[in-house]
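Note sheet for the following structure.
The values are calculated or read from the model by the stated rules, or taken from the named source; none is laboratory data. Just so it is clear, the model here is predicted, and its values are computed rather than measured. Every residue, glycine among them, receives a Cβ derived from its backbone with ideal geometry; neighbour counts consider all protein chains shown.
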Amino acid sequence: MNIGVVCYPTYGGSGVVATELGKSLALRGHKIHFITYSRPIRLDLFSENIFYHEVRTQDYPLFEFIPYESALASTMVDVARYNDIDLFHVHYAIPHASVAFTAKQILKEYDLHVPVVTTLHGTDITLVGKNKSFAPTVSFSISKSDGVTAVSEFLREATLENFQVGSKDIRVIPNFVDVNRFQRQDKDHFRKMISGNGEKILIHTSNFRKVKRIEDVLNTFAIVRKEVPARLMMVGDGPERVKAEDLCRQIGMCDDIVFLGNQNKVEEIYSIGDIFLMPSANESFGLAALEAMACEVPVISSNAGGLPELVVDGKTGFTSPIGNVEKMAADAISLLKDEAKWKKFSQAAKDHAHNFTIEKIVPHYERYYEEVSREYSSVI
């Protein structure tokens, strides 16, 4: 198939999933056309089946905000007209699902009929999408999509509960991990750089937004550090980073916390980790946790959103009520102080992550594309 992929190109989970899915589909013989405002961060694979179309905008004095949605719709129309696109797969409801509807209507003027699959990833539904300014548009866009997927059962139920989408069938297709890339590697030299005296290493990865509860990461680490010599690696960047750096100074932990910023080869970081922390207030799936688990790192997380569908409490890690840093710290300490227990959880995390491999999940998307295309063709 010729598939147009619309996504955010940044480090967020939706962009990562969209890019990795596109790369995998390209390797399986599909022609993938990425359509976005900059080259996706993880689009590092050269392939004769991968194409990138930049959405170009121009700044006019008339506009306080550049009308990106109009430029995106026009680019989608252009790509479809000249590349024989069979289907658009748009990731993240805002604004991509509504833009896709516009593009589809324009294409009908050229006697081109291209179905749209929308994948819901999380905050587009649970936070941003529920805003009264967006909710009617989100409801309309989802109901008008020819196919809709969600990355967890939690997200599916949240969508049906909070949006007027009628009897729309939402297919749950979970996120996936490339276990050839995300596997524990021999990085002892790297570990010695971070943990020269044998300290345990805790890791947090996110886009440092409020929903990630960065303060809980630091407060959990502060408790762990009193019981177990440890260091914390903070991977990522975002609006809460400055507050996090200020907090680590206030509680005197800066010597044991490393802020690494955004990183592409996170698998090398996970390969030296002992615990992965994810205390989020909301998490539709938890892709970073899955990637850490594939690298044999047990996860200490909240029980928010779809995390209980991924983190098997008491087996691959532990889940706790949101904000309960005392329990999260106690669970981490129980693993860090017991090597045999940590190894058992580490192996279980790896084994469970292998239920979400690219090889197992991507065929679900292929079959869904075919199903949506058949149904769409039968009604036009």
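Hey, among the residues in region 183-195 that are within 18 Å of residue 233 (Cα to Cα) and touching an Asp or Glu at 6+ places or on another chain (Cβ under 8 Å), which one's modelled with the highest pLDDT?
It comes out as 184.
Residue by residue, here is whether (1) within 20 Å of the chain's Cα centre (by Cα); (2) under 28 Å from residue 29 (Cα atoms) holds:
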{"residue": "317", "(1), (2)": "yes, no"}
{"residue": "342", "(1), (2)": "no, no"}
{"residue": "356", "(1), (2)": "yes, yes"}
{"residue": "367", "(1), (2)": "no, yes"}
{"residue": "374", "(1), (2)": "no, yes"}
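Determine which member of the set 165, 151, 116 is in contact with a helix residue (DSSP H, G or I) (Cβ under 8 Å, 6 or more places away or on another chain), modelled with pLDDT of 90 or more, surrounded by 15 or more Cβ atoms within 10 Å (Cβ to Cβ) and farther than 18 Å from residue 211 by Cβ. Let's see the steps before the verdict.
On the way: 165 fails: modelled with pLDDT of 90 or more; 151 fails: farther than 18 Å from residue 211 by Cβ.
Result of the check over 165, 151, 116: 116.
Could you list, in sequence order, the residues of region 283-303 that are under 23 Å from residue 330 (Cβ atoms) and in contact with a Gly (Cβ under 7 Å, 6 or more places away or on another chain)?
Matches in region 283-303: 283, 286, 292, 297, 298, 299, 300, 301.
Would you check which residues across region 152-165 are polar (S, T, N, Q) and assigned to a helix (DSSP H, G or I) and list them?
Step one: of region 152-165, the residues polar (S, T, N, Q) are 152, 159, 162, 164.
Correct list: 159, 162.
If you go through region 241-276 one residue at a time, how many are over 30 Å from residue 344 (Cα atoms), surrounded by 14 or more Cβ atoms within 10 Å (Cβ to Cβ) and in contact with a Gly (Cβ under 8 Å, 6 or more places away or on another chain)?
1
Condition (residue is touching a Lys or Arg at 6+ places or on another chain (Cβ under 8 Å), assigned to a helix (DSSP H, G or I) and crowded, with 16+ Cβ neighbours inside 10 Å) applied to region 298-308: is it met by at least one residue?
Scanning region 298-308, I find no residue that is touching a Lys or Arg at 6+ places or on another chain (Cβ under 8 Å), assigned to a helix (DSSP H, G or I) and crowded, with 16+ Cβ neighbours inside 10 Å, so the answer is no.
Report, by residue number, each residue of region 201-216 that is touching a strand residue (DSSP E or B) at 6+ places or on another chain (Cβ under 6 Å) and either among the hydrophobic types (A, V, I, L, M, F, W, C) or in a strand (DSSP E or B) (or both).
201, 202, 203, 204, 205, 206, 208
Given the condition in a helix (DSSP H, G or I), under 20 Å from residue 13 (Cβ atoms), in contact (Cβ under 8 Å) with a residue 12 or more places away in the chain and outside the structural domain of residue 172 (by TED's automatic domain parsing), answer yes or no: does some residue in region 226-235 qualify?
Looking for residues that are in a helix (DSSP H, G or I), under 20 Å from residue 13 (Cβ atoms), in contact (Cβ under 8 Å) with a residue 12 or more places away in the chain and outside the structural domain of residue 172 (by TED's automatic domain parsing), one finds none in region 226-235, hence no.
When only residues in region 45-102 that are at pLDDT 90 or above and of a type in the set (Gly, Ala, Ser) count, which is nearest to residue 28 (Cα to Cα)?
Once the filter is applied, the top-ranked residue is 80.
Among the residues of region 227-241, how many are at pLDDT 95 or above and of a type in the set (Lys, Arg)?
Here the count works out to 1.
Got at least one residue in region 257-276 being in the same structural domain as residue 198 (by TED's automatic domain parsing), among the aromatic types (Phe, Trp, Tyr) and either in a helix (DSSP H, G or I) or on the phi > 0 side of the Ramachandran plot (or both)?
yes
Could you tell me which of the residues 149, 102, 119 is part of a helix (DSSP H, G or I) and either aliphatic (A, V, I, L, M) or assigned by TED's automatic domain parsing to the domain that holds residue 16 (or both)?
Answer to the selection: 102.
Is it true that residue 110 is of a type outside the set (S, T, N, Q), at pLDDT below 95 and not in a helix (DSSP H, G or I)?
no
Does region 183-210 hold any residues that are within 15 Å of the chain's Cα centre (by Cα) and not β-branched (Val, Ile, Thr), and which are they?
204, 206, 207, 208, 209
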